[in-house]
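Here's the structure, in structure tokens; my notes come after.
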Amino acid sequence: MDPVAVDLAPLDGILARYPAEESSLIQVLQDVQRHYRYLPRPALERVAKALGVPLARVCSVATFYKAFSLVPPGEHVVHVCMGTACHIRGAPQVLDELWRRIAPDANGDTADRRFTIKAVNCVGACAAAPVVIVDGRYHGGVQATKVAKVVGLEEGGRAS
Ligand code: FES
């Protein structure tokens, strides 16, 4: 159950873009996730009804794909690329340093909901490795010694 009420009105526009059938499910969920930044339970129920798909099927798809989240992300979402190029150039140390400084739970969320940290596969900017993405903004050449500033834990950083 969601702790806050979710405005479901935007779902009408999302659902109107696709045929009301099961084959639309992933695209609809992608749009829902993009809009809400996660998949609220009431939205999943509405999607299931609109597409004529059992709610259990919608939930299984929502939990199967790593790109989907059933909980709201933190205020700032930090993706650390762990692709090969980034890995070779220090991404594991960057992730370790972030984890040490922010101390999130096992899902990457901090208790104060300020940050969500995710390790991701190659984000297509290998020339700039190691890459950290903060709230959708790419930062290249991020070393462990600099990552606290990049995510806004130190003065002059991005997220605050
Ligand atoms: S491996 Fe990190 S951007 Fe490609």
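Observations on the model:
- Protection-proxy order for peptides 113-121, 101-109, each taking the mean of Cβ atoms within 10 Å per residue, highest first: 113-121, 101-109
- Dividing the summed -39500 (n - 2.57) terms of all DSSP H runs of n ≥ 4 by the residue count of the chain sets its mean residue ellipticity at 222 nm at -11000 deg cm²/dmol.
- For K118, a cut-off of 25 angstrom between C-alpha atoms picks up these lysines, skipping any fewer than 8 places away in its own chain: K66, K146, K149.
- Under 12 Å, Cβ to Cβ, from A48 - net charge with Lys/Arg +1 and Asp/Glu -1: +2
- F115 long-range amide H proximity, modeled H, under 5 Å: E75, H76, T110
- Environment charge of F115, counting only residues whose C-beta is closer than 9 Å and scoring Lys/Arg +1, Asp/Glu -1: -1
- When a 1.4 Å probe is rolled over the protein heavy atoms, the share of accessible surface on the chain that falls to carbon and sulfur comes to 54 percent.
- Per-q log10 I(q)/I(0), region 76-150, q = 0.12, 0.21 Å⁻¹ (Debye; single scatterer per alpha-carbon; no solvent): -0.26, -0.81
- Entry comment: accessible area of region 15-80 is 55 Å² per residue, from protein heavy atoms only and a probe of 1.4 Å.
- For the chain, size of Cβ-based charge dipole, Lys and Arg +1, Asp and Glu -1, in debye: 300 debye
- Convex hull volume of the chain per residue (C-alpha atoms, cubic angstrom): 128 Å³
The values are calculated or read from the model by the stated rules, or taken from the named source; none is laboratory data. None of these values were measured; they are calculated from a predicted model. Backbone-built Cβ (ideal geometry, glycine too); neighbour counts: all protein chains shown. Side chains included, ligands, DNA and RNA excluded: accessible areas come from the protein's heavy atoms. Shrake-Rupley method; radii C 1.70, N 1.55, O 1.52, S 1.80 Å.
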